[in-house]
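The values are calculated or read from the model by the stated rules, or taken from the named source; none is laboratory data. Quick caveat: nothing in here was measured; it's all calculated off a predicted structure. Methodologically, a virtual Cβ is constructed for each residue, glycine included, from the backbone with ideal geometry; neighbour enumeration extends over all protein chains shown.
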Amino acid sequence: MHGRVSVRMTLQCSQYCSKCVSGILPLLMAKTANLSSRQVEIGVFAYEGCSAWITAGVLELFAIANTAIGSVSTQVGTPPGFRFHAIARTSRSVRGSHGVRFSVDRPRRRYDAIIVPPLWGDSRREVLGRLGRLGRECQMLQQLACCASIMAGTCTGTTLLAKASLLDGHRATTCWWMIDWFRREFPNVILTGDKLVVSDGARWTAGAGAAYLHLGLGLVGHFCGERVLAATARLMLIERRRGSQSPFIEAGLAGRDIADAKVARMARFLERNAGNALTIGEVCRDMNLSVRSMTRRFHASLGVSPLSYLQSLRITRAKRLLEQTAVSFEQVVADCGYEDVSSFRKLFSRQVGMTPREFRARFGTAPGRSS
C-alpha cells in the first residue's frame, strides 16, 4: 500500500455531477504513481465507526480477485487487475468498529468504483444516532462522486449515499431491518428492499451483512468478466444463486421507535398475537379506530398497511417453525393463524422467494415433513 499523506478537500461541485463543473477537480489530489492503465481503481471509504469486518472484507475480496485473475487464462489476454485502498475524510488512520484501525491513502484523481461500508451499531437507534454525526462524510462523498464511475454502498452504508442525495431517482436496496425507515426518510430513492444487490447505472447497493460479498463479486464481474467472477467466488466458497435477502428478513418491533402511540400499540398487539386467528377489522374496532384511519397512520409510521405487517409477522413465525421443528406444514399454517394452506403457501413463496419445502430443505435444522 502507498504511504499516508494529508488530504485537503477544496472541491465544490453543484448537483453532484459526473464531471466537476468548477473545473478544479485536478486540484483534489496530486499525481499518482505511473501504473498500468489496465488496473481497475477501487476506493473503500472508511470512517469512524464503520464495520471493521466489512471494510476489511471488501478490501480483501479484491485481493482474492487478483489471485483469481492469475488463474484465469483467456485468448484475448489477461483481464485487468484491481488496485484498491482505503480512503477517508481525514489523513489520519480511521478507527472502525471494535477498535480496529485502518490506514488510509489520499484520494486519487479517478476511481472505477468507490464502496461505502456500513456503520456498526448494536441497534437501529445507535446506527441512526451515528449517521446523524456523519454530515462531513456525506459532503466528501458528494465530491468523490465527481471522479468515480460507480458509487456503491453496502448494508447501512447505503444510508450515507442516500443522505448525500446520491441515490435520488435510482433503484436501490438496503439492510432489511432499515427498510421502513429508509423508505420514509428518502422518498426519492426507488427502494427494492427484498433484493440482495441492486445495480442501477452508476449506483450499486447491497443488503444486510454478507450481501457485500455479492456486491463485490458483481463489481469483479462488471470489470473483469464472468470467468474471473466465477474463479473468485470459488476461491471464497460463495454460493452465487442468492438474489434476495427475503429468506432472512424478520418482521418485528425490535429497536423501533414509533411516534404514533396508536400505531405502536397495534403493532405490539399484532406481534404478540400473530399466531392467533384475527382480522385487522376486529383489532381496529377494539382500538376505536376505523380500518381506513389505522391504515393511513400505519403507512405514515411504518410504510406498510396493518395487513401487510401482520402477514410479515406470520411469515417470520412460519420460517422459524420450518427451521427449528419437524411439524407438518399444515400445522405450521395453523400455528400462524391461517386456515387455508394453499393461500398461505402462495403468500410464503411470494414474500420469501422460495416455497416452504425449499426453505425447510435449505435452512431447517430438524428433519421435516413435506411442505
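Table for the structure above
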| quantity | calculated |
| --- | --- |
| Residues located in the range 278-310, provided they are in contact (Cβ under 8 Å) with a residue 40 or more places away in the chain and either more than 27 Å from TRP176 (Cα to Cα) or assigned to a helix (DSSP H, G or I) (or both) | ALA300, SER301, LEU302, PRO306, TYR309, LEU310 |
| Selection from the range 109-118 of residues that are over 10 Å from VAL44 (Cα atoms) and surrounded by 24 or more Cβ atoms within 10 Å (Cβ to Cβ) | PRO118 |
| Check on ARG95, assigned by TED's automatic domain parsing to the domain that holds GLU137, surrounded by fewer than 23 Cβ atoms within 10 Å (Cβ to Cβ) and out of contact with any Ser or Thr (no Cβ under 9 Å at 6 or more places or on another chain) | yes |
| Every residue from the range 98-112 that is touching an Asp or Glu at 6+ places or on another chain (Cβ under 8 Å) and either free of Cβ contacts under 8 Å to residues at least 60 places away in the same chain or in a strand (DSSP E or B) (or both) | TYR111, ASP112 |
| Residue satisfying all of: in the range 85-97; part of a loop (DSSP other than H, G, I, E, B) and among the small types (Gly, Ala, Ser); nearest to VAL40 (Cα to Cα) among these | ALA88 |
| ASP168, sole failed condition from (1) more than 21 Å from LEU302 (Cα to Cα); (2) modelled with pLDDT of 90 or more | (1) |
